[in-house]
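Accompanying notes for the structure given below.
The values are calculated or read from the model by the stated rules, or taken from the named source; none is laboratory data. What you see is a predicted model, and the numbers here were worked out from it, not measured in a lab. Here the Cβ is made from the backbone with ideal geometry for all residues, glycine too, and neighbour counts use every protein chain on show. Note: accessible area is taken over every heavy atom of the protein model, side chains too, but ligands, DNA and RNA are not part of it. Shrake-Rupley method; radii C 1.70, N 1.55, O 1.52, S 1.80 Å.
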Amino acid sequence: LPWRQWAPAAASMLRLAAPPSGHAFFFRLQLLLLLLLLAVWASFPRPSGSVYEQLLRDSLGRTVYPDSGGRYRAWMPASERLRYRRLVRDMFAFGYDGYMRHAFPADELNPILCRGRGPDRANPDNININDVLGDYSLGLVDSLTTLAVVGNVSEFRRAVSLLADRLSFDTNSTVQTFEAGIRVLGGLLSAHLLATDSRLPELRIPGYGDQLLLLARDLANRLLVAFDRSPTGIPHPRVHLQRGVPEGGRLDTNLAGAGSLLLEFATVGRLVGDPTFEGAARRAVSALWDLRSRVTGLLGSSLNLTDGRWLHEGLSGLGAGSDSFYEILLKSAVYLDDPQLGALFSQSMDSVAWHQRAGRTDCLNGLGQHPIWLNTEVRTGHLANSWCDALQASWGAVLLLAGRLDEAICLHAYFANLMHRYKLLPERFNWRHRQPEVLFSPLRPELAETNYFLYRATGNHFFLHVGAAMVDNLNKYAKSTCGYATLHNVHNLTDLEDRQESFFLAETVKYLYLLFDETNWANRMETDLIFTTEGHPLSIARFRSLARPAGFDFNATPPAAGWSGGACHNFNSDRRLRHLLPLSTAQWVELDRATGLSD
C-alpha cells in the first residue's frame with residue numbers, strides 16, 4: 001500500500017499500544033521495528049503484476065494470499081469445488097441436450113442456429129467437415145463415456161440402446177481413418193467396457209448383449225482396409241465406409257494420424273480374439289519408426305505413405321500432425337505392458353528434448369527464458385518456424401506420464417498464460433512475435449487435460465483455479481443458443497462460428513468435470529485407467545487379462561536412463577506445497593513477457 005494509507009494507521013497503533021506493565025516506550029519501539037520490517041518486506045518485488053495472481057483473483061480472489069516468503073498461495077474450499085462441479089455438469093447437459101434435441105442422429109450440432117450437421121455431400125473436398133463427419137451419430141457416440149463420468153446413468157443406458165437400434169456404418173461416407181478410429185471406435189469400445197465392468201454396477205445395462213462391441217468390430221473391419229491396401233503398412237488417411245480406400249485418393253498422411261490407433265485396435269482385437277487389428281497398428285508404428293532421421297533421431301510430421309518421404313520441408317514438432325503419436329507410444333507401452341514400445345518412446349523423448357526444447361535448463365528452479373518446444377527440420381534439428389499450436393498443450397500430460405513433472409508444469413504454465421490473455425486458446429501462436437497466427441478456437445481439450453492430470457499428480461489448488469477460469473471463460477464467451485460454439489477470432493470474443501465439435505463434450509467437459517469431482521469413479525480407479533487421445537477411459541487390468549498375441553520386434557534397444565523419468569518431484573509428500581504457485585516471482589515475470597502479457 002502507499003505510505004499515506006498505512007502510516008496514519010501505524011501511528012494510531014503506536015499511540016494505543018501501551019502494555020499495562022508500564023514499559024510503553026520499549027513496547028512501542030519493538031512495534032515500530034516490526035512495522036519497519038513489514039514495510040521493507042512490502043517493498044520487495046511480488047507477483048502483483050503476474051497473470052497468475054490476477055487469474056486467481058479473477059477466479060476466487062479471497063483465497064489468494066502471500067505467505068511469509070512472498071510467494072502466493074492458492075486455496076479453493078470444498079464448497080467452491082462443488083459449485084464448479086455443478087457448473088461443468090450443467091455445461092455438459094446444455095451442450096448434450098442441445099445436440100440430442102436439435103441435431104441427433106446427425107453428427108454434430110450447429111449451436112447458434114440449433115440444427116444438425118453431417119458430411120458435406122456437395123463438396124467432397126471439404127475435408128475440414130468430411131474427415132470427421134461420417135453420418136454415424138458422432139456426437140452421441142463420442143459423448144457416451146462423458147455421460148458415464150458425470151453420472152447420468154439413465155441417459156447412458158438410453159444412449160446405448162439408441163445406438164444399438166439405429167447405428168450403422170454402411171454409409172456413403174469417406175472419413176479420416178484416424179478421426180473415425182479415435183472418436184467412434186474408441187468411444188464404442190470404452191462404453192462397452194464400462195457397461196460390462198463388474199466394479200461399476202450402476203452402469204450395467206439390463207439385457208445388454210455386447211451390441212457396442214459388435215458395432216466396434218464392424219467399424220474396425222472397415223478401417224482395417226486402410227492398412228491392408230498400403231504398400232508400406234502405413235495406413236491410408238481416408239476410407240470410404242462402403243467401398244474401402246478411395247481410388248486416386250491422397251497419399252499424404254501425418255505421423256499422428258498414421259501411428260496413433262494402437263490402443264483402439266489392440267483393444268478391439270483382444271476383445272474379439274482377432275490379432276489382425278493389433279498387428280496392423282503395430283506394423284504401422286514400426287514402419288514410421290524406421291523413417292526417423294539417422295542424424296537427429298527425429299520424426300517428421302507429414303509424409304508420403306508409399307515411399308516414406310517427409311513432406312512440408314521435413315517439419316518436425318509436437319503439435320498438429322505429430323502430437324498423439326508420442327502420446328500413444330507411451331500409453332501403449334503402459335497399457336500393453338510392452339517394454340519395446342517403452343524403449344521407442346524413451347529414444348524419441350531424448351531426441352525431441354535435445355533438438356526441440358529451448359529455454360532455461362532447470363525449469364522450476366533456474367532463471368532465464370521460459371522453456372518452449374520448437375518446430376524443427378527433421379534432418380538437421382534446425383529451427384523451422386516460430387509458432388506453436390493449441391494441440392501442443394497435451395504434451396504436458398505426456399511429460400507427466402513420462403515422469404517429468406517439472407517440465408509438465410512449465411509447459412502448462414505457458415498455455416495457461418495464453419488462455420488468460422485471450423480467454424480461449426488461439427489455434428496457433430507465434431512465440432517470437434508474441435501474437436496469434438491462426439485466430440480461431442474450437443474449444444480444444446488439451447489444456448484442460450494437462451491441467452487435470454497435474455492436479456491429480458500434485459494436489460495443488462492452483463490447477464483448480466486454472467480449471468475454474470476455463471469454465472468461466474467457456475460459459476462467458478462460447479455458450480450460444482443451444483450449445484457451445486467455436487470462437488472464430490480470439491481478438492473478437494463475440495465472433496462465433498456455428499459448430500460444436502464432438503471433442504468438446506467427449507474431452508474438454510470430461511476433464512473439467514473430473515478436476516472438480518474428487519470422488520468420481522474414474523478418479524478412484526485412476527491407477528487402472530488409460531485415457532485414449534480422445535479422452536475415452538480403458539481399463540489396464542481388463543486388457544491385460546485378455547489373451548496376448550505374439551509380439552513384434554521393433555529393433556529397439558532397452559530403455560535407458562535418459563531425459564525422460566527421474567524428475568517427478570513428489571508434491572503430495574509435503575502438503576505445504578499444494579497451495580504454492582508452481583513458479584517463482586521472477587519466473588512469472590519472464591513468462592508474462594514471453595506470452596505478451598507484459599513488455
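Judged by the mean number of other Cβ atoms found within 10 Å, the most tightly packed of the peptides 212-218, 243-249 leads the ranking 212-218, 243-249. Only loop residues by DSSP count here, and only those with at most 16 other Cβ atoms within 10 Å; note down the trypsin sites (Lys or Arg not before Pro) in region 176-213 that meet that. In loop regions of region 176-213 (DSSP not H, G, I, E or B), the sparsely surrounded trypsin sites (Lys or Arg not before Pro) are Arg199, Arg204. Of the solvent-accessible surface of region 78-544, computed with a 1.4 Å probe over protein heavy atoms with every protein chain present, carbon and sulfur atoms account for 48 percent.
Full extension of the chain segment joining Leu546 with Leu291 gains 88.6 nm, where the gain is 0.36 nm per residue of separation less the Cα-Cα distance.
Hey, can you rank 351-358, 502-509 by average C-beta count inside 10 Å, highest first?
So the peptides 351-358, 502-509, ranked by packing, come out 502-509, 351-358.
By definition, a body whose alpha carbon gyration tensor gives a ≥ b ≥ c is oblate when a/c is 1.5 or more and a/b is not larger than b/c, and region 497-551 fits this oblate description. Using heavy atoms of the protein chains and a probe of 1.4 Å, the accessible area assigned to Thr174 is about 50 Å². Of interest is the spacing of the C-alpha centroids, which for region 433-466 and region 103-123 amounts to 28 Å. Segment Ile129..Glu526, full-extension length gain: 139.5 nm, with 0.36 nm per residue of separation and the alpha-carbon distance subtracted.
Of interest is the spacing of the C-alpha centroids, which for region 228-284 and region 156-214 amounts to 20 Å. A crude spin-label estimate for the pair Gln242 and Arg229, with each label 7 Å from Cα along the Cβ direction, gives 1.5 nm. Length gained on full extension, Asp274 to Ser598: 110.9 nm, using 0.36 nm per residue less the C-alpha separation.
The order of Trp431, Trp289 by accessible area, most exposed first and with a 1.4 Å probe, is Trp431, Trp289. In this label model, Ser154 and Asn430 are separated by 5.4 nm, measuring between points 7 Å along each Cα→Cβ vector.
Return one whole number: the accessible area per residue of region 78-544 in Å², for a 1.4 Å probe.
33 Å²
Which values of log₁₀ I(q)/I(0), to two decimal places, follow from the Debye formula for region 78-544 at q = 0.07, 0.10 Å⁻¹ with a uniform point scatterer at every Cα? Here log10 of I(q) over I(0) equals -0.32, -0.69.
Using a 1.4 angstrom probe on the protein heavy atoms only, line up Phe440, Phe104 by accessible area, largest first.
Putting Phe440, Phe104 in descending order of accessible area: Phe440, Phe104.
Hey, with R₀ at 41 Å, roughly what FRET efficiency would Leu251 and Ala93 work out to, going by the Cβ-Cβ distance, to 0.05? For R0 = 41 Å, the calculated efficiency reads 0.40.
Extending 7 Å from the Cα toward the beta-carbon at both Arg83 and Val438 defines two label points whose distance is 3.7 nm. Partner lysines whose Cα lies under 29 Å from the Cα of Lys479, excluding those fewer than 8 positions away in the same chain, are identified as Lys423, Lys510. Here's the picture: a label point sits 7 Å out from the Cα of His491 along the beta-carbon direction, and within region 429-448 the residues with their amide nitrogen under 17 Å of it are 429-441.
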